[in-house]
Amino acid sequence: MSTLQEKLRRIDQIRGGRPGFGDILDFFEQVFIARDAVLQKLAVADPYQDGHGSAQRLREGFPLLEKRHFQYDAAALADYFSTLLDIVARRNPGGAAAIRLQSDAAGGLLKNLPPGDIVKELAPFGEGRDLMLFLIKESMRPWLEQYAGLLSPKVGEEQWHEGCCPVCGGFPCFAEIFGQENQRRLFCQDCGASWQFPRLQCPFCGTGEHEKLEYFKPDAAPEYRVMLCRACKRYLKTADFREFSDALVPEVEHPATLHLDIIARERGYKTEDVLTRLML
């Protein structure tokens, strides 16, 4: 995972070449700084520190982080949620105000993380469901990143062949192509972990039928491409790492390529990523 300094440096680079993304990048710059402040103050325990259980879960196709493993400081998480709401209010005052009016429902969710059936539990927020989902996911992110740091080294390339994250089970939000053999690495939208996955396979539905998969590249930015799956009508943004002179920072590339999401959606494809739904 990238450091705060790497994220901020990449944001500055993109700002210079894509001034139209300034507002979005400013928002995420504030989020990254606030998240890092939380990360510096916390630590989580390795649920597999005795060395048992992790390999079996991976063999059976289950991500390593079970609900019972997720331990967090409720007060620190609530403080971070409040900080995030203040950041959101600068960009979307109406949405933030609506969440604050549902403070009891929000408080109930924060006391029972990770959520169970998140769709049903977000029903009270009406049109603000996506915003509340973003706030919950981001509030959990510092702890999930810590778990990802501990658990990712336990995942060998031959142990995990699923399209979801081997650490927390989240969907990928971005991918990169790297190496001489055009290998592909996926990045989790929830914890930031990464894992290798076959390049000619859809991580969402698993199809490997080449006639159902296609890529398109924007003329103005050939280092990016978008995978389109005709089987499940989902898409995944991808960067060709070999085209970058600077280090790829997926968390920054993702919001800085929302124009590609627009193109994919106009073609009838969808995403599991709440960030994209919230920003567009």
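Filter the range 198-237 for residues that are over 23 Å from Gly179 (Cα atoms), assigned to a strand (DSSP E or B) and within 19 Å of the chain's Cα centre (by Cα) and give the result.
Arg234
Name every residue in the range 163-215 that is over 20 Å from Glu253 (Cβ atoms) and of a type in the set (A, V, I, L, M), in order of residue number.
Taking the range 163-215 first, the residues over 20 Å from Glu253 (Cβ atoms) are 164, 166-169, 180-181, 198, 200-202, 205-214.
Val167, Leu200, Leu213 - these are the residues of the range 163-215 that are over 20 Å from Glu253 (Cβ atoms) and of a type in the set (A, V, I, L, M).
Does the range 197-209 include one or more residues that are within 22 Å of Met1 (Cα to Cα), surrounded by 20 or more Cβ atoms within 10 Å (Cβ to Cβ), basic (Lys, Arg) and at pLDDT 85 or above?
no
The conditions are (1) free of Cβ contacts under 8 Å to residues at least 12 places away in the same chain; (2) surrounded by 15 or more Cβ atoms within 10 Å (Cβ to Cβ); (3) farther than 26 Å from Met1 by Cα, and Arg57 fails exactly one of them. Which is it?
(3)
I want to confirm something. Restricting to the range 238-265 and keeping residues that are surrounded by fewer than 16 Cβ atoms within 10 Å (Cβ to Cβ) and outside any helix (DSSP H, G or I), which single residue is modelled with the highest pLDDT?
Of everything passing the filter in the range 238-265, Ala247 is modelled with the highest pLDDT.
Any residue in the range 130-146 that is free of Cβ contacts under 8 Å to residues at least 60 places away in the same chain and over 19 Å from Val31 (Cβ atoms)?
Checking the range 130-146: not a single residue is free of Cβ contacts under 8 Å to residues at least 60 places away in the same chain and over 19 Å from Val31 (Cβ atoms).
If a residue has to be at pLDDT below 95 and surrounded by 18 or more Cβ atoms within 10 Å (Cβ to Cβ) to count, how many in the range 29-45 make the cut?
Residues meeting the conditions: 1.
Examine the range 76-95 for a residue that is more than 20 Å from the chain's Cα centre (by Cα) and under 19 Å from Ala148 (Cβ atoms), and state whether such a residue exists. Spell out how you get there, then give the answer.
Kept after step one, since they are more than 20 Å from the chain's Cα centre (by Cα), are these residues of the range 76-95: 76, 78-79, 82, 86, 89-95.
Now drop any that are not under 19 Å from Ala148 (Cβ atoms), which leaves 76.
The answer is yes, given that some residue of the range 76-95 is more than 20 Å from the chain's Cα centre (by Cα) and under 19 Å from Ala148 (Cβ atoms).
List every residue pair whose Cβ atoms sit under 7 Å apart, with the two residues 6 or more apart in sequence or on different chains, where the first one lies in the range 11-23 and is of a type in the set (A, V, I, L, M) and the second, anywhere, is assigned to a helix (DSSP H, G or I).
Note: pairs meeting the criteria are Ile11/Leu25; Ile11/Glu29; Ile11/Val252; Ile14/Phe21; Ile14/Leu25; Ile14/Val252; Ile14/Ala256.
Being among the hydroxyl-bearing types (Ser, Thr, Tyr) and free of Cβ contacts under 8 Å to residues at least 12 places away in the same chain is the requirement here; does Ser152 meet it?
Numbers: among the hydroxyl-bearing types (Ser, Thr, Tyr): yes; free of Cβ contacts under 8 Å to residues at least 12 places away in the same chain: no.
Considered against the rule, which asks whether it is among the hydroxyl-bearing types (Ser, Thr, Tyr) and free of Cβ contacts under 8 Å to residues at least 12 places away in the same chain, Ser152 comes out as no.
Consider Cys229 carefully, then state whether it is crowded, with 19+ Cβ neighbours inside 10 Å and under 19 Å from Phe134 (Cβ atoms). Spell out how you get there, then give the answer.
On the way: crowded, with 19+ Cβ neighbours inside 10 Å: yes; under 19 Å from Phe134 (Cβ atoms): no.
No: the conditions fail for Cys229.
I'd like to verify a number: residues in the range 186-202 that are more than 19 Å from Tyr147 (Cα to Cα) and either touching a helix residue (DSSP H, G or I) at 6+ places or on another chain (Cβ under 9 Å) or not assigned by TED's automatic domain parsing to the domain that holds Leu213 (or both), how many? If you could, list the steps in order and put the result at the bottom.
Let us first name the residues in the range 186-202 that are more than 19 Å from Tyr147 (Cα to Cα), namely 197-202.
When the remaining residues are screened for being either touching a helix residue (DSSP H, G or I) at 6+ places or on another chain (Cβ under 9 Å) or not assigned by TED's automatic domain parsing to the domain that holds Leu213 (or both), the result is 200, 202.
Final tally of qualifying residues: 2.
Output the residue which, of all residues in the range 128-159 that are in contact with a helix residue (DSSP H, G or I) (Cβ under 8 Å, 6 or more places away or on another chain) and of a type in the set (D, E, K, R), is farthest from Ser82 (Cα to Cα).
Going through the qualifying residues, I end up with Lys154.
Does Ile118 fit the bill of being without any contact (Cβ under 8 Å) to a residue 40 or more places away in the chain and under 17 Å from the mean Cα position of the chain (by Cα)? Before the answer, list the steps.
Values: without any contact (Cβ under 8 Å) to a residue 40 or more places away in the chain: yes; under 17 Å from the mean Cα position of the chain (by Cα): yes.
Criteria met by Ile118.
How many of the residues making up the range 180-197 are assigned to a loop (DSSP other than H, G, I, E, B) and under 8 Å from the mean Cα position of the chain (by Cα)? It would help to see each step written out before you state the result.
From the range 180-197, those assigned to a loop (DSSP other than H, G, I, E, B) are 180-182, 189-193, 197; that's our starting set.
Right, trim to under 8 Å from the mean Cα position of the chain (by Cα) and you get 189-192.
The total comes to 4.
The values are calculated or read from the model by the stated rules, or taken from the named source; none is laboratory data. Treat the numbers as computed from the prediction; the structure is a model and nothing was measured. All Cβ positions, even for glycine, are placed from backbone atoms using ideal geometry, and neighbour counts span all protein chains on display.
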